[in-house]
Amino acid sequence: MDPHILLFIIKLITGGIVAFLAILLMSKKRTAAWSFMVSGFLLNYAALVYELLIELGVLTATKYNLWGIPVSTLICAVLPALCYIIAFIIMLAKRN
């Protein structure tokens, strides 16, 4: 087995556990900040699945590029981090 694919399988298993636990946590904490945190975890897992499908050749990255990076790949990298940033900003705003 290709070590690169094995690494994807390990990431999928651990990411699946994180996504499942995040959904369980969201049922207990129903604040906007935690909703964005859970969304970040779920989007991170979806991005991992998307990368695996591209790696296996099932899907192809979009033909539209921004600074030489496919837009779909860029969105998969930025969107989870954006959710985390928003969640942290909301948490910090509630503290003051």
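The values are calculated or read from the model by the stated rules, or taken from the named source; none is laboratory data. Computed from a predicted model, the values in this text were never measured in an experiment. Every residue, glycine as well, gets a Cβ built from its backbone with ideal geometry; the counts of neighbours run over all protein chains shown. For accessibility, only protein heavy atoms count, side chains too; no ligands or nucleic acids. Shrake-Rupley method; radii C 1.70, N 1.55, O 1.52, S 1.80 Å.
Checked against (1) assigned to a helix (DSSP H, G or I); (2) within 17 Å of Ala77 (Cα to Cα), Ala22 passes all but condition (2).
Considering only segment 40-47, I want to know if a residue exists there that is surrounded by fewer than 17 Cβ atoms within 10 Å (Cβ to Cβ) and either small (Gly, Ala, Ser) or without any contact (Cβ under 8 Å) to a residue 40 or more places away in the chain (or both). For segment 40-47, residues surrounded by fewer than 17 Cβ atoms within 10 Å (Cβ to Cβ) and either small (Gly, Ala, Ser) or without any contact (Cβ under 8 Å) to a residue 40 or more places away in the chain (or both): present. In segment 64-86, the residues that are under 23 Å from Met37 (Cβ atoms) form Cβ pairs under 6 Å with partners that are open to solvent by 50 Å² or more (accessible area, probe 1.4 Å) and assigned to a helix (DSSP H, G or I), at six or more places apart or across chains, as follows: Leu79/Leu43; Pro80/Leu43; Pro80/Asn44; Cys83/Phe36; Ile86/Phe36. Here Tyr45 meets the list (1) outside any helix (DSSP H, G or I); (2) out of contact with any Ser or Thr (no Cβ under 6 Å at 6 or more places or on another chain) almost entirely, failing just condition (1).
Of all residues in segment 5-27, those being open to solvent by less than 60 Å² (accessible area, probe 1.4 Å) and closer than 10 Å to Val38 by Cβ number 2. The set of residues in segment 54-72 being open to solvent by 90 Å² or more (accessible area, probe 1.4 Å) and either in contact with a Phe, Trp or Tyr (Cβ under 7 Å, 6 or more places away or on another chain) or part of a helix (DSSP H, G or I) (or both) consists of Glu55, Leu56. Before we move on, is Ile85 open to solvent by 40 Å² or more (accessible area, probe 1.4 Å), modelled with pLDDT of 90 or more and assigned to a helix (DSSP H, G or I)? Taking the combined requirement at face value, the residue satisfies it.
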